[in-house]
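*Asks:* Here's a structure for you.
The values are calculated or read from the model by the stated rules, or taken from the named source; none is laboratory data. Since this is a predicted model, take the numbers as computed values, not measurements. For neighbour counting, all protein chains shown are included, and Cβ atoms are generated from backbone atoms with ideal geometry for every residue, glycine included.
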Amino acid sequence: MTRKQKRLSVIGGAMAFLAVASGLVFYALGQKTSYFYMPADLQTASVEPGQRIRLGGLVEKGTVVRGAGTEIAFAVTDQVHSVRVAYSGILPDLFREEQGIVTEGVFRPDGVFVADSVLAKHDENYMPKEVADGLKETGLWQHAQ
Amino acid sequence: MIVEIGHFSLVLAFALSLVQFAVPLAGTRMGEARLVAVAGPSAVAGFALTALSFAVLTAAYVQSDFSVANVWENSHSAKPLLYKVTGVWGNHEGSMLLWVLILAFFGALVAWFGTNLPASLRANVLVVQGLVGAAFLLFILATSNPFARLDPAPLEGRDLNPILQDIGLALHPPLLYLGYVGFSVCFSFAVAALIEGRIDAAWARWVRPWTLAAWVFLTGGIAMGSYWAYYELGWGGWWFWDPVENASFLPWLSGTALLHSAIVMEKRSALKIWTLLLAILTFSLSLLGTFLVRSGVLTSVHAFATDPARGLFILLILVFFIGGSLSLFALRASTLSQGGLFHPVSREGALVLNNLFLTTAAATVLTGTLYPLLVEAVTGDKISVGAPFFNLTFIPLAVPLLLAVPFGPLLAWKRGDLWAVSQRLHAALGCALLAVALVWFFVDGAGVLAALGIGLAAWLMLGALTDLAVKAGVGKERPAVVWRRLKGLSRSIFGTAAAHFGLGLSVLGIVAVTSLEVERIEVMRPGDTVEIAGYTLRFEGLVPHRGPNFTEEQGRFTYFSGGVRAGEIVSSKRLYTARQMPTTEAGIATRGFSQLYVALGDATANDGVVVRAWWKPQVLLIWIGGLVMMAGGTISLLDRRLRVGAPSRRRARPARSAEAPAE
């Protein structure tokens with residue numbers, strides 16, 4: 001091969017490679033990301049049952065109900081609207097009433113949010129950033145912190 | 001008084017770092033040797049002052065001097081001594097001080113060991129180090145002063161976040177920072193080369209040991225952090241593709257690429273400009289990591305004590321250094337001499353392939369990590385990019401790279417013979433395929449993907465051994481000759497083989513635990529048993545217990561293998577009294593490389609407790625692989641050829657510049 005051909009083969013290979021990689025990235029960004037909502041956002045946004053989202057807010061006072069085994073139900077609120085959440089598993093250590101949390105999962109057709117993960121960070125002052133921003137937008141921030 | 005000395009010496013260190021930046025820079029410009037000679041002593045003195053400042057803060061922690069706000073916020077008189085010391089960097093201010101201390105340490109190392117460098121190159125490297133140091137010292141002094149006082153002094157501290165009260169805090173941040181900041185030396189070398197407008201094979205020879213050292217530390221820091229999160233967070237996960245994890249993984253990926261491209265540059269004088277760019281990018285990614293972790297702009301499960309306002313300052317530092325170095329690169333790179341070309345099928349070609357995969361992988365991880373910020377800035381929507389994204393984009397890039405790894409070291413420089421190399425790898429390929437078949441047929445629950453993944457791991461490990469065997473002449477020579485040749489191989493060959501073998505071990509652990517893990521979540525009452533992966537786990541009951549600064553409920557478990565009592569597991573729920581903060585301490589029993597992992601959940605109404613138990617097959621191999629990679633890097637570092645600052649004089653001379661006489 002001549003010098004030019006060598007150079008072209010390397011550059012061509014790299015380009016093809018990058019094309020494949022960017023294709024993967026764009027596909028994955030379209031398919032594998034989930035949107036974050038506060039309960040108030042859900043009044044206007046249309047979220048289909050089965051569509052994976054993250055739901056954040058405060059654990060509403062007096063709504064935590066332990067069911068049989070590892071079942072647990074609670075409501076997530078932004079102090080105006082609230083959404084019922086069902087979860088099965090172990091809750092984070094810092095899960096408690098009026099604590100800011102982020103859950104991830106899908107809506108059942110009956111409007112209950114079935115979470116497969118519940119996050120509360122390991123710092124007692126912690127408020128998930130999205131929840132804090134959401135509360136600031138609605139002017140309810142001072143209550144939480 | 002002593003505390004003020006710490007603060008004052010930090011201010012002096014800042015002033016000195018400005019001297020370290022400005023004076024030698026002027027010296028090299030004006031050709032004034034005496035000004036150039038300021039670089040070394042000021043770097044060493046700057047390190048001494050920063051170390052003094054750090055020692056003062058440590059003393060304040062050890063003595064529980066709560067008149068220092070930082071100590072009051074993060075310490076407690078009842079805290080064990082180890083955590084008083086490690087608590088120094090278990091908070092924002094202290095961890096930034098550690099960052100700067102390590103930066104000054106590396107600057108001093110360059111000053112000490114760089115006596116063989118051309119004087120102007122050494123001075124320019126220290127100039128850049130000085131500027132980076134000045135920026136971060138200013139950041140600490142202006143926004144994050146760890147020495148601020150409280151008056152009146154509180155009687156008791158607020159204690160360190162319990163999650164951080166662990167041996168992990170003693171190891172993980174220092175190792176990680178040694179890695180992050182170690183790449184600053186490569187960065188400084190790259191910028192110095194751009195300032196000087198000259199780069200040659202000797203440059204790569206000086207940069208390689210620093211890259212290797214930083215890489216070893218970063219590998220250790222990531223592995224340690226992963227294991228710590230695994231046992232401490234109680235979720236049984238070892239990697240979450242969390243922004244903070246990605247922030248440490250990005251410089252690792254590009255640092256690994258740099259490690260390999262520097263070989264090409266040293267041996268073949270090719271890929272010069274690319275290596276330079278990688279050195280700049282790797283440290284830029286380290287800075288980005290520092291910014292992401294310290295500013296809390298991305299939601300992470302690992303970030304502690306973040307502060308968005310101070311994040312802006314780091315962002316400015318980030319923009320200045322990345323923008324500045326890349327602009328310099330754009331202006332000056334074209335003046336550097338081009339390297340030679342080579343045949344695509346060759347050792348160089350293989351290393352280019354490695355770089356292509358690693359940098360593309362780094363780019364995809366970077367995209368996924370920053371995409372939520374971008375979307376939020378543009379549309380206001382809050383999205384999260386989680387594990388599914390990274391698994392879909394990273395794994396397809398990693399697998400072909402891993403398949404290619406065994407070929408690399410066996411290919412000849414300049415023009416390799418792929419066919420001949422394939423024949424040498426016949427045995428390794430055969431054994432790897434055998435491993436696939438065995439796993440598929442004999443391991444319960446193993447699907448095709450698990451079997452192929454384990455085959456891939458076997459291929460990597462056997463490939464590394466094949467490399468050694470081929471180079472020692474196994475099968476061609478008598479055993480005595482093989483032994484002699486094996487002893488005669490250079491350490492960097494052993495280092496390569498060990499690092500690639502370690503990579504295989506990690507892959508084996510990752511594949512095994514991802515595909516063969518078993519999980520049970522049950523409500524258990526005392527006497528209840530649960531079956532998991534051939535073990536019977538019996539809950540004995542909850543026992544209250546008292547630690548130095550916490551109270552806990554210990555869940556006692558006994559586990560049986562084939563009806564025989566095999567051991568006990570204690571898993572507890574702790575309450576740290578000072579902060580009234582609960583934590584979960586997972587109970588872990590190690591069986592070979594596998595682990596039985598038990599975490600307690602909440603108590604239920606009828607006297608039971610939620611128990612989450614996992615069987616984690618071969619999970620320890622993930623981190624053992626990391627240790628073997630570190631060992632590989634260390635062995636390479638001990639190669640005579642690479643000894644820090646020991647390039648032969650004969651080679652160093654042509655690079656020495658005329659206007660700056662040596663020493």
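*Asks:* Taking the conditions exactly as written (at pLDDT 75 or above and either surrounded by 16 or more Cβ atoms within 10 Å (Cβ to Cβ) or basic (K, R) (or both)), does A:E60 satisfy them or not?
*Replies:* yes
*Asks:* If B:P162 passes every condition in (1) in contact with a helix residue (DSSP H, G or I) (Cβ under 8 Å, 6 or more places away or on another chain); (2) within 14 Å of chain A (Cβ to nearest Cβ); (3) crowded, with 20+ Cβ neighbours inside 10 Å but one, which one does it miss?
*Replies:* (1)
*Asks:* Does B:L486 meet the test of being loosely packed, with under 14 Cβ neighbours inside 10 Å, aliphatic (A, V, I, L, M) and over 29 Å from the mean Cα position of the chain (by Cα)?
*Replies:* Considered against the rule, which asks whether it is loosely packed, with under 14 Cβ neighbours inside 10 Å, aliphatic (A, V, I, L, M) and over 29 Å from the mean Cα position of the chain (by Cα), B:L486 comes out as no.
*Asks:* Taking the stretch B:599-624, which residues are away from chain A (no Cβ under 12 Å), within 29 Å of the chain's Cα centre (by Cα) and farther than 24 Å from B:M461 by Cα?
*Replies:* Answer for the stretch B:599-624, where residues must be away from chain A (no Cβ under 12 Å), within 29 Å of the chain's Cα centre (by Cα) and farther than 24 Å from B:M461 by Cα: just B:W615.
*Asks:* While we're here: Among residues belonging to the stretch A:1-17 that are small (G, A, S) and surrounded by 15 or more Cβ atoms within 10 Å (Cβ to Cβ), point out the one that is nearest to the other protein chains (Cβ to nearest Cβ).
*Replies:* A:A14
*Asks:* Would you call A:A45 facing another protein chain (nearest Cβ under 9 Å) and over 30 Å from B:G236 (Cβ atoms)?
*Replies:* So A:A45 fails the test.
One line per residue, one yes/no per condition, for (1) under 15 Å from A:Y35 (Cβ atoms); (2) more than 8 Å from chain A (Cβ to nearest Cβ):
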site: B:V352; (1), (2): no, no
site: B:T359; (1), (2): no, yes
site: B:L366; (1), (2): no, yes
site: B:T369; (1), (2): no, yes
site: B:K382; (1), (2): yes, no
site: B:V385; (1), (2): yes, no
site: B:P388; (1), (2): yes, no
site: B:L392; (1), (2): no, no
site: B:I395; (1), (2): no, yes
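*Asks:* Kindly provide the set of residues from the stretch B:505-561 that are at pLDDT below 90 and touching a His at 6+ places or on another chain (Cβ under 8 Å), ordered by number.
*Replies:* Hit for the stretch B:505-561 is B:N549, nothing else.
*Asks:* Among the residues of the stretch B:557-598 satisfying the criterion of being within 14 Å of another protein chain (Cβ to nearest Cβ) and β-branched (V, I, T), which is farthest from B:I521 (Cα to Cα)?
*Replies:* Result: B:T577.
*Asks:* Another one. Tell me, please, whether a residue that is closer than 30 Å to B:A458 by Cα, at the interface with chain A (Cβ under 10 Å from one of its Cβ atoms) and in contact (Cβ under 8 Å) with a residue 12 or more places away in the chain can be found in the stretch B:333-343.
*Replies:* Yes, the stretch B:333-343 has at least one match.
Yes/no matrix, rows are residues, columns are (1) hydrophobic (A, V, I, L, M, F, W, C); (2) crowded, with 17+ Cβ neighbours inside 10 Å; (3) out of contact with any Asp or Glu (no Cβ under 9 Å at 6 or more places or on another chain):
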position: B:F407; (1), (2), (3): yes, yes, yes
position: B:K414; (1), (2), (3): no, no, no
position: B:V421; (1), (2), (3): yes, yes, yes
position: B:L429; (1), (2), (3): yes, yes, yes
position: B:A437; (1), (2), (3): yes, no, yes
position: B:V443; (1), (2), (3): yes, no, yes
position: B:A446; (1), (2), (3): yes, yes, yes
position: B:A450; (1), (2), (3): yes, yes, yes
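*Asks:* Picking from A:V114, A:V80, A:V85, which residue would you name as being in a loop (DSSP other than H, G, I, E, B) and either more than 14 Å from chain B (Cβ to nearest Cβ) or touching a helix residue (DSSP H, G or I) at 6+ places or on another chain (Cβ under 6 Å) (or both)?
*Replies:* Unique residue meeting the criteria: A:V80.
*Asks:* Among the residues of the stretch B:50-109, how many are within 26 Å of the chain's Cα centre (by Cα) and within 22 Å of B:I163 (Cα to Cα)?
*Replies:* 21
*Asks:* Within the stretch A:63-77, can you find the residues that are assigned to a loop (DSSP other than H, G, I, E, B) and within 14 Å of chain B (Cβ to nearest Cβ)?
*Replies:* Applying the first criterion (assigned to a loop (DSSP other than H, G, I, E, B)) to the stretch A:63-77 yields A:63-64, A:67-70.
A:V64, A:G67, A:A68, A:G69, A:T70, listed by residue number.
*Asks:* In the stretch A:91-109, what count of residues is obtained for those that are surrounded by fewer than 16 Cβ atoms within 10 Å (Cβ to Cβ) and either within 12 Å of chain B (Cβ to nearest Cβ) or in contact with a helix residue (DSSP H, G or I) (Cβ under 9 Å, 6 or more places away or on another chain) (or both)? So that I can check it myself, show each step before the final result.
*Replies:* Within the stretch A:91-109, the first condition is being surrounded by fewer than 16 Cβ atoms within 10 Å (Cβ to Cβ), and the residues that meet it are A:96-98, A:108-109.
Okay, now just the ones that are also either within 12 Å of chain B (Cβ to nearest Cβ) or in contact with a helix residue (DSSP H, G or I) (Cβ under 9 Å, 6 or more places away or on another chain) (or both), so A:96, A:98.
Selection size over the stretch A:91-109: 2.
*Asks:* Give me the residue from the stretch A:18-40 that is modelled with pLDDT under 85 and in a helix (DSSP H, G or I) and, out of that set, farthest from the other protein chains (Cβ to nearest Cβ).
*Replies:* Here the answer is A:G30.
*Asks:* Here's something else I'd like to know. Run down B:G408, B:G368 and say which single residue is touching a residue at least 24 places away in the same chain (Cβ under 8 Å) and in contact with a strand residue (DSSP E or B) (Cβ under 7 Å, 6 or more places away or on another chain).
*Replies:* Only one candidate passes the filter, namely B:G368.
*Asks:* B:L456 - would you say it is part of a helix (DSSP H, G or I), within 15 Å of B:T514 (Cα to Cα) and in contact (Cβ under 8 Å) with a residue 60 or more places away in the chain?
*Replies:* For B:L456, the condition - part of a helix (DSSP H, G or I), within 15 Å of B:T514 (Cα to Cα) and in contact (Cβ under 8 Å) with a residue 60 or more places away in the chain - is not met.
*Asks:* Here's something else I'd like to know. Of all the helices (runs of 4 or more DSSP H) wholly in the stretch B:39-115, which have at least 2 residues that are surrounded by fewer than 22 Cβ atoms within 10 Å (Cβ to Cβ) and out of contact with any helix residue (DSSP H, G or I) (no Cβ under 7 Å at 6 or more places or on another chain)?
*Replies:* Working: elements: B:39-62, B:69-74, B:81-86, B:92-113.
Where helices (runs of 4 or more DSSP H) fall fully within the stretch B:39-115 and carry at least 2 residues being surrounded by fewer than 22 Cβ atoms within 10 Å (Cβ to Cβ) and out of contact with any helix residue (DSSP H, G or I) (no Cβ under 7 Å at 6 or more places or on another chain), they are B:39-62, B:69-74, B:92-113.
*Asks:* Would you be able to say whether some residue in the stretch B:23-32 is modelled with pLDDT under 95 and either in contact with a strand residue (DSSP E or B) (Cβ under 6 Å, 6 or more places away or on another chain) or outside any helix (DSSP H, G or I) (or both)?
*Replies:* yes
*Asks:* Given the criteria free of Cβ contacts under 8 Å to residues at least 12 places away in the same chain and hydroxyl-bearing (S, T, Y), does B:T379 qualify?
*Replies:* Yes.
*Asks:* Any idea how many residues of the stretch B:287-332 are polar (S, T, N, Q) and at pLDDT 90 or above?
*Replies:* Residues that pass the stated criteria total 2.
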